[in-house]
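The values are calculated or read from the model by the stated rules, or taken from the named source; none is laboratory data. Because the structure is predicted, anything quoted here is derived from the model rather than measured. Heads up, the Cβs are rebuilt from the backbone with ideal geometry, glycines too, and the neighbour counts pull from every protein chain shown. These accessible areas exclude ligands, DNA and RNA; they are computed on the full protein's heavy atoms, side chains included. Shrake-Rupley method; radii C 1.70, N 1.55, O 1.52, S 1.80 Å.
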Amino acid sequence: MRTTVALAATTAAVAAAAAAAVLARQRLREAKRWACAGAVLRDLEERCAAPAERLRQVADAMAAAMRAGLASDDSDSDSGSGSGSALKMLLTYVDSLPSGDEKGLFYALDLGGTNFRVLRIQLGGKEQRIIKQQSGGVSIPQDLMSRGSNELFDFIASALAKFVASEGEDFHLPEGMQRQLGFTFSFPVKQTSVASGTLINWTKGFAIDEMVGKDVVAELNKAIKRQGLDMKVTMLVNDTVGTLSAGRYVDNDVTAAVILGTGTNAAYIELDNVPTNLEIPHILSTLHMLMMHQDTTPDLNIVRIKLKEILGVFMFWPYS
């Protein structure tokens with residue numbers, strides 16, 4: 001009996017020792033795996049680290065690329081990138097941002113992909129700010145993305161007309177005033193004024209070749225007119241400029257906007273954008289001043305031409 005008990009005790013001890021050994025080996029293997037994982041994580045952390053010095057190098061490199069882009073003469077470049085920098089620095093022609101004093105009814109249309117959105121907003125100035133706003137989204141049929149420009153813009157203008165028709169009594173347009181439309185067009189465009197720009201090329205699945213090189217605002221305005229809608233595009237921007245404007249409306253300290261999406265774009269206020277010719281003393285002669293002073297054309301065409309030729313200053317009348 002004693003032998004049996006002793007044997008059972010010995011067997012149990014051996015089993016416990018074996019189990020402990022297995023558990024120890026498992027823990028050792030787990031410790032090794034965690035050590036390997038820790039080493040990988042530490043290596044990844046080091047590779048992804050962004051110390052202040054490296055961030056300063058990135059910022060300096062980006063600033064240098066921006067200066068090169070601003071210095072490049074891209075007036076003859078279809079891409080707008082210029083030969084001196086791979087970073088596109090595109091002039092927006094927007095010379096002022098919202099102050100909060102704006103009053104009235106305004107419309108916006110955002111075309112940036114296979115869907116577009118329309119918006120109306122009633123602004124009440126500093127006191128009332130945004131009184132009311134409404135928006136809606138519309139999907140563009142696949143076949144319209146590769147047909148003619150008239151078909152595409154007629155579809156957009158038709159949806160816009162239906163949206164305007166649902167305006168309601170809460171929105172007030174002063175009598176005799178034409179509805180103003182801001183147009184956000186997030187495709188490569190060579191902008192020629194605050195309310196005009198020619199399409200460089202389509203992206204995001206669009207393939208309407210006849211539209212390339214045409215003024216997108218002019219095409220939309222013609223489609224709006226075909227709908228019998230009393231409305232005109234008075235501003236052409238891309239999504240970054242729109243974001244910058246919206247930010248400035250709520251915070252006067254906003255000076256830049258960034259879009260992080262399919263692509264990455266940014267817009268900022270260039271504070272030192274003085275045309276070189278303005279630094280030349282007495283560049284405007286008495287004859288030039290006399291010609292501009294006597295300009296009686298409705299859109300001040302002579303003034304416009306002289307300022308462009310002599311000073312490199314562009315004048316546009318988006319509301320004319």
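Computed with a 1.4 Å probe over protein heavy atoms only, the accessible area of Asp239 comes to about 50 Å².
When Lys and Arg each count +1 and Asp and Glu each count -1, what net charge do the other residues less than 13 Å away from Thr184, Cβ to Cβ, add up to? Once positives and negatives cancel, what remains is -1.
Summing charges over neighbours of Ser99, with a neighbour being any other residue whose Cβ is under 14 Å away from its Cβ, gives -2 when K and R count +1 and D and E count -1.
What ranking of Ile310, Ile283 comes out by heavy-atom accessible area, probe 1.4 Å, highest first? Mind dumping the intermediate values first?
Values: Ile310 20, Ile283 50 Å².
Ranked list, largest accessible area first: Ile283, Ile310.
Starting from the Cα of Gln142, move 7 Å in the Cα-to-Cβ direction to define the label point; list residues of the stretch 205-219 whose amide nitrogen is under 20 Å from there. Under cut-off, by backbone N: 205-209. Based on the convex hull around the alpha carbon atoms, the stretch 92-140 presents an average projected area of 4.2 nm². Modelled spin-label separation between Gln133 and Arg47, with each label point placed 7 Å from Cα along the Cα-to-Cβ direction: 4.2 nm. Placing dummy labels 7 Å off each Cα toward the beta-carbon, the span from Ser99 to Ala71 is 3.6 nm. Sorting 295-308, 192-205 by average packing, meaning the other beta carbons within 10 Å per residue, from highest down gives 192-205, 295-308.
Evaluate the Kirkwood expression for the hydrodynamic radius of the stretch 115-206, namely the inverse of the mean inverse distance over all pairs of different C-alpha atoms, and round to one decimal in Å.
That comes to 15.6 Å for the stretch 115-206.
For Met177, the solvent-accessible surface computed with a 1.4 Å probe is close to 90 Å², ligands and nucleic acids excluded. The packing ranking, built from the mean of other Cβ atoms within 10 Å per residue, places the peptides 144-151, 127-134 in the order 144-151, 127-134, highest first. If R0 equals 25 Å, the separation of the Cβ atoms of Arg56 and Asp251 corresponds to a calculated FRET efficiency of about 0.40.
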